[in-house]
Structure formats: structure tokens, C-alpha cells
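The values are calculated or read from the model by the stated rules, or taken from the named source; none is laboratory data. Not measured: the values here are computed from a predicted model. Methodologically, a virtual Cβ is constructed for each residue, glycine included, from the backbone with ideal geometry; neighbour enumeration extends over all protein chains shown.
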Amino acid sequence: MKILAVCGFGVGSSMLLKMTAEKAVKELDINAEVENTDLSTAQATPADLYLTSAELKTELVHSVNAPVYSVKKFMDKEEVKQCLMDFRTKSNQND
Amino acid sequence: MQNVFSEENIKIISQIDNWQKAVEIACQPLLEEKKITQKYVTNIIKSVKKYGPYMVLTDYFALMHAKPGEGVNQLAMSLLVVKEPIDLEGKKVKIFLILACPDSKSHIKTLKEVAGVLMDQCNFELILKGTKSQIIDLFQKKEMDGGKK
């Protein structure tokens with residue numbers, strides 16, 4: 001699966017969010033690649049799951065077809081893990 | 001990491017009025033060395049107002065930056081540690097890391113290394129409580145460790 005970490009400019013915060021997500025993915029043994037980008041690119045980039053802030057989530061949800069999770073602390077691995085576990089549970093229900 | 005931090009671009013202060021002033025002080029060394037212009041400082045402050053305080057990436061730590069290339073002459077970072085936490089739109093911050101990127105690629109390696117240091121809880125505590133030279137050592141140590149990998 002593809003996870004997109006999104007911030008306003010796609011160079012700083014989203015890169016750290018990507019690093020956090022990569023650790024979370026590894027610990028949960030999920031087969032996923034994580035990329036980071038800015039908001040407007042993200043709006044036009046397909047992914048299975050988007051991670052971003054609460055403020056940017058409201059802008060992103062309307063433009064993409066996959067779940068968008070907001071993360072309060074981009075460096076908090078446990079918080080990102082919760083998002084991924086929630087996503088996994090919901091995907092399994094849909095299968 | 002090629003000596004990202006030095007005596008000149010780390011500041012440790014006890015307190016400050018607000019986060020905008022903190023950003024200005026944190027950016028000062030980069031302005032003096034002409035690595036950024038005043039426009040970049042203004043853009044950082046604007047971006048918080050536009051996008052919200054998500055740049056507070058964990059308790060007490062904010063990665064402050066704006067659009068790459070606009071007001072940036074050279075890849076650079078600077079660090080401000082404020083002993084008394086400041087409110088940044090509802091979040092408490094003590095460490096301000098300024099990131100100035102000339103484009104969207106050239107900072108990736110350096111930022112990864114700096115983030116790697118910060119993501120370790122012991123290192124994070126040392127940045128909050130340590131002296132300037134301890135902080136410089138912390139990042140230089142990483143430079144040597146980086147060679148092993």
C-alpha cells in the first residue's frame with residue numbers, strides 16, 4: 001500500500017511524519033511505502049492512506065478518495081500506529 | 001552532517017514574550033550570515049497563521065520553515081532553546097528549529113540526520129537542558145556515527 005504524509009510545503013514537517021510513519025509501518029509489519037509531499041500535490045496524488053494535520057485534513061478530504069487521518073504530533077510513533085491500526089481494522093471489515 | 005550547528009547558530013535563552021519573537025531571534029544568525037532574507041522570516045510566521053501549528057511536531061519541539069526557495073539563499077538551520085515554554089497557537093514550545101531550504105531536495109539528507117538525533121529521547125532531553133557546547137557535540141557525534149552506517 002501507499003501512504004502519503006502531507007504538510008503545507010512538503011519539505012520539513014511531512015518528512016518527519018514520513019520518518020515516524022516508516023517506523024510505525026515496520027513495527028506493525030505492514031507492507032507499505034511512505035512518501036511525503038505538500039498539500040496541493042497530495043490533492044492530485046492517489047494513495048491508500050493520507051496522514052496530515054487536523055487543519056490540512058479538512059482541505060484534503062474533499063479532494064481524495066482514500067481515508068485521511070489527522071496526526072496531532074508528527075513525531076509521535078504511537079499516535080501514527082493508532083491511525084494505521086484503525087485503517088487496517090476498517091480495511092479488513094470492508095474485505 | 002557537516003557541522004550543521006555551531007556557536008553562532010544556536011541560541012539558548014531563558015524566556016521570551018511570544019512565538020513570533022522566538023522565530024525572529026532564532027532566524028537572526030541566518031539573517032546575519034545572509035543565508036536567508038527577512039522575507040523568509042515573515043513567511044514562516046505567515047505559514048503558521050495559514051496552516052495552523054502542526055509544525056509543533058512533538059511536545060516542546062517546533063520545526064519552523066516556509067516555502068523552499070523564497071527568501072532562502074543557502075541551505076541552513078538554526079536552533080533556539082527557550083527555557084520557559086512559549087505558546088504557539090495552543091501548543092507549548094521550547095525548541096525552535098529553523099529550516100531554510102533553497103529547493104525541495106537539497107536539505108533531505110541533513111534534515112534526516114538532525115531528525116534522527118532529535119527523535120532519541122535522551123538527546124531531546126539534552127537539547128532542552130544542556131549547554132551550547134553539549135548540543136554541538138551531540139550533532140557532531142552523530143556525524144561520526146553516520147559514517148558507520
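I need a count of the residues in the range B:47-68 that are at the interface with chain A (Cβ under 8 Å from one of its Cβ atoms) and among the basic types (Lys, Arg). Give the derivation first.
Initial filter on the range B:47-68 (at the interface with chain A (Cβ under 8 Å from one of its Cβ atoms)): B:47, B:50-52, B:54-59, B:61, B:63, B:65-68.
Filter once more, keeping what is among the basic types (Lys, Arg): B:50, B:67.
So the answer is 2.
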Completion exercise
B:ILE135 meets each of (1) within 13 Å of the chain's Cα centre (by Cα); (2) outside any helix (DSSP H, G or I) with one exception, condition (2)
Exercise for the section: Would you be able to say whether some residue in the range B:109-129 is at pLDDT below 95, more than 16 Å from the chain's Cα centre (by Cα) and small (Gly, Ala, Ser)? Expected result: no
Fill in the blank from the handout: Residue pairs qualifying under the 8 Å Cβ cut-off, at least six apart or on distinct chains, with the first in the range A:18-33 being more than 14 Å from every other protein chain (Cβ to nearest Cβ) and touching a residue at least 60 places away in the same chain (Cβ under 8 Å) and the second being outside any loop (DSSP other than H, G, I, E, B) and crowded, with 17+ Cβ neighbours inside 10 Å, are A:LEU28/A:LYS81; A:LEU28/A:LEU84
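Here are B:GLU113, B:GLU125: which of them is part of a helix (DSSP H, G or I) and within 22 Å of A:THR37 (Cβ to Cβ)?
Numbers: B:GLU125 fails: within 22 Å of A:THR37 (Cβ to Cβ).
None of the other options fit; the residue is B:GLU113.
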Handout entry: Close pairs from the range B:86-115: first at positive phi, partner surrounded by 17 or more Cβ atoms within 10 Å (Cβ to Cβ), Cβ under 6 Å, at least 6 apart
Key = B:GLU89/B:PRO53
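Assess whether B:PRO53 counts as being touching a strand residue (DSSP E or B) at 6+ places or on another chain (Cβ under 6 Å), in contact (Cβ under 8 Å) with a residue 24 or more places away in the chain, in a loop (DSSP other than H, G, I, E, B) and under 22 Å from A:THR20 (Cα atoms).
Taking the combined requirement at face value, the residue satisfies it.
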Problem - Selection count, the range B:37-46, where residues are within 14 Å of chain A (Cβ to nearest Cβ) and either surrounded by fewer than 19 Cβ atoms within 10 Å (Cβ to Cβ) or more than 12 Å from B:LYS67 (Cα to Cα) (or both) - result: 2
Exercise for the section: Could you list, in sequence order, all residues of the range A:59-91 that are within 10 Å of chain B (Cβ to nearest Cβ) and among the polar types (S, T, N, Q)? Expected result: A:SER70
Exercise for the section: Among the candidates A:LEU16, A:LEU39, single out the residue that is of a type in the set (A, V, I, L, M) and under 17 Å from A:SER63 (Cβ atoms). Expected result: A:LEU39
